[in-house]
Amino acid sequence: TITGVPDETVGYIRVINGTNITLQAASGSTALNFGTGGAVGLEVENGSSFNISGVNEYAFNFVSGATALIYGDIMFTGAGHRLTAADAGGVTFYSGATFIAGAGFTGNPFGSGTPNSIVFESGSFYQQVDGGDPFGLVAPNSVVVFQPGSTFRMLANLPISIDGRTYGDIEVNAAGFTQSSTGIDALSVGNLNIYLGDWTIDITSGNVSITGNIYVATGASLGFVPATSNTLVLNGTAAQLITIDGSLNFGVNESLTIDNAAGVTLNSNITLGPGTTLNLNSGILKIEAPATMLTLSAGTTLVGGSNASYIDGKVKKIGNTDFTFPVGETGYGYVPIGIGTFVGGTVNDEFTAEYIRGDAATLGPITA
């Protein structure tokens, strides 16, 4: 730990061989300025770290043309320290690298300057223990870029910015985490993992797009509970898995779109409310376990249903209006069954359908 660090300008620093350096500023609002332009200013190798601590704010600034190659760790603790770059892509966190907004840190770690100047590549991590969000600018602008496969990891009970934001993966892993995040514009996430905590997402205009898997651990909860109409879009390119060991709260205003040709597998009950839409655009929605089903309320609209997109599992429809169940079986295709020409009945009537390929006699006797 190097104390009493003043304002300083250097051409290049390289931290290697498991070295762990922490700087503490001599006074507030001082900085270490890197580079002469057109060259690497800082390189932190895997297994090494270059940190800032203490109550006096200090900054790492990269001049135009200077870059930082981070393969190890950078951690800020104790005050509102900053890491800024004059150019887009000026600082890159590579696979295995971690930035930690640690205890006592305040504000936005990458400032509010050049858009897209801090890049987290696939396999890198942003860990938040304290402080504000990393984006620094009003959406759709952002100082930081989370590429697919990077991870934003929340380790405290702090707000998560969702309004118009694009993440790689998100992990919530904080005992006592209880947050209801609101926004207007679209949220895009890769994998979404809730290991500890209770997180509710409320987007009122744009959709919530998930391109990876969703996992909620036992004792944790995840809610898509918008105040107005919204859609959860599952639109990855590889097969997606939704595993709910804890609880999933699907609000009455939340619609669902399946738009993944590789398919989606669900192990949790979901109920779509009146006025919402189930859109089967592309890919099979496979609903696992005998007790799991997708329920469509009276007034829920179905769009789609074809050999390219159907439900392999149980579907319940509530109401007394004509309806075609978009069911089928993987490997065999779309085998719909319809109900209609109602006489009497009520909006509370329930019908459940599933396509099972096999000998019907094995299902038992026919009853009333």
inquiry  = Whether any residue in segment 258-279 is open to solvent by less than 30 Å² (accessible area, probe 1.4 Å), within 18 Å of V208 (Cβ to Cβ), among the small types (G, A, S) and not in a strand (DSSP E or B) is what I want to check.
reply    = yes
message = Going by what's in this entry, would P148 be described as modelled with pLDDT under 95, surrounded by fewer than 18 Cβ atoms within 10 Å (Cβ to Cβ) and assigned to a loop (DSSP other than H, G, I, E, B)?
response = no
Test: residue in segment 288-299 that is charged (D, E, K, R), touching a residue at least 12 places away in the same chain (Cβ under 8 Å), outside any strand (DSSP E or B) and on the phi < 0 side of the Ramachandran plot = yes
key: Among (1) surrounded by fewer than 18 Cβ atoms within 10 Å (Cβ to Cβ); (2) of a type outside the set (A, V, I, L, M); (3) more than 19 Å from Y58 (Cα to Cα); (4) out of contact with any Pro (no Cβ under 7 Å at 6 or more places or on another chain) - the single one S124 does not satisfy   = (1)
remark   = Checking I194, I214, I210, I201 in turn, the sole residue that is touching a residue at least 40 places away in the same chain (Cβ under 8 Å), open to solvent by less than 20 Å² (accessible area, probe 1.4 Å) and touching a strand residue (DSSP E or B) at 6+ places or on another chain (Cβ under 7 Å) turns out to be I194
query = Inside segment 197-249, can you point out the residues that are under 16 Å from N267 (Cα atoms), of a type in the set (S, T, Y) and out of contact with any Leu (no Cβ under 8 Å at 6 or more places or on another chain)?
reply = T218, T243
query = Considering only strands (runs of 3 or more DSSP E) fully contained in segment 11-108, which possess at least 1 residues that are of a type outside the set (A, V, I, L, M, F, W, C) and more than 29 Å from the chain's Cα centre (by Cα)?
reply = 13-15, 20-25, 30-34, 39-44, 49-53, 58-62
Whichever residue in segment 333-368 is modelled with pLDDT under 85 and among the β-branched types (V, I, T) and, among such residues, is most open to solvent (accessible area, probe 1.4 Å) = I366
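The values are calculated or read from the model by the stated rules, or taken from the named source; none is laboratory data. Values in this document were obtained by computation on a predicted structure and should not be read as measured data. As a convention, Cβ positions derive from the backbone with ideal geometry for all residues, glycine included, and neighbour counts pool all protein chains shown. Note: areas computed on protein heavy atoms with side chains; ligands, DNA, RNA excluded. Shrake-Rupley method; radii C 1.70, N 1.55, O 1.52, S 1.80 Å.
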